[in-house]
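Single-structure report; data block below.
The values are calculated or read from the model by the stated rules, or taken from the named source; none is laboratory data. Not measured: the values here are computed from a predicted model. Quick reminder, even Gly has a Cβ in these numbers, built from the backbone with ideal geometry, and neighbours come from all protein chains shown.
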Amino acid sequence: MKISFSLNEQQVETEVELHETLLQLLRRRGMISVRYGSDSGETGAGAVLIDGKLTSTDCMLAAQIDGHDVLTVEWFKKPELHPIQAAFVATGAMQSGYSTPAMILGTGENYLIEIPTQQNMK
């Protein structure tokens, strides 16, 4: 099945198998920050932002993202740290590192594109 979606602000057209999970598709496309968490999606390690909402890739079919926007931590690959990344580094909020990418996305779910200010946090 052919699908089209935005991955880290880049348009993608690809073939997917009907049984393929979003986790499998993203890993196939080199998104190594997306990790397997559980078959139920409860752990959060495989979380990404889909249309700005934190979503587990573990139990979502790849075909379901047709026409949607997906952001992974790879989106942050810029010369300077995003303020959310800088806050994680400054506070030592890394834990084991396995779920840190999903934690960063979860923390920034509402603020990834727009840097938080007192006004837009209300």
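Here are the numbers for the structure shown:
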quantity: Qualifying residue in region 66-73 (condition: at pLDDT 80 or above, under 11 Å from the mean Cα position of the chain (by Cα) and in a helix (DSSP H, G or I)); calculated: yes
quantity: Where Thr14 falls short, out of the listed (1) within 9 Å of the chain's Cα centre (by Cα); (2) more than 18 Å from Leu105 (Cβ to Cβ); calculated: (1)
quantity: Leading residue by the ranking (surrounded by the most Cβ atoms within 10 Å (Cβ to Cβ)) among those in region 34-88 that are basic (Lys, Arg) and out of contact with any Ser or Thr (no Cβ under 8 Å at 6 or more places or on another chain); calculated: Lys53
quantity: Checklist (1) in a loop (DSSP other than H, G, I, E, B); (2) within 11 Å of Leu23 (Cβ to Cβ); (3) touching a residue at least 40 places away in the same chain (Cβ under 8 Å) applied to Val48, failing item; calculated: (1)
quantity: Failed criterion for Glu42 (all others in (1) touching a strand residue (DSSP E or B) at 6+ places or on another chain (Cβ under 9 Å); (2) among the acidic types (Asp, Glu); (3) at pLDDT 90 or above hold); calculated: (3)
quantity: Candidate set from region 14-45 (those that are among the polar types (S, T, N, Q) and assigned to a loop (DSSP other than H, G, I, E, B)); member that is nearest to Glu74 (Cα to Cα); calculated: Ser33
quantity: Looking only at region 1-10, and only at residues there that are exposed (fewer than 13 other Cβ atoms within 10 Å of the Cβ) and in contact with a helix residue (DSSP H, G or I) (Cβ under 9 Å, 6 or more places away or on another chain), the one that is farthest from Lys77 (Cα to Cα); calculated: Met1
quantity: Neighbours by Cβ (under 6 Å, 6+ apart or cross-chain): first from region 75-93, in a helix (DSSP H, G or I); second modelled with pLDDT under 80; calculated: Phe76/His82; Pro83/Ile115; Ile84/Ile104; Ile84/Thr107; Ile84/Gly108
quantity: Tally of residues being touching a residue at least 40 places away in the same chain (Cβ under 8 Å) and surrounded by 15 or more Cβ atoms within 10 Å (Cβ to Cβ) across region 11-24; calculated: 4
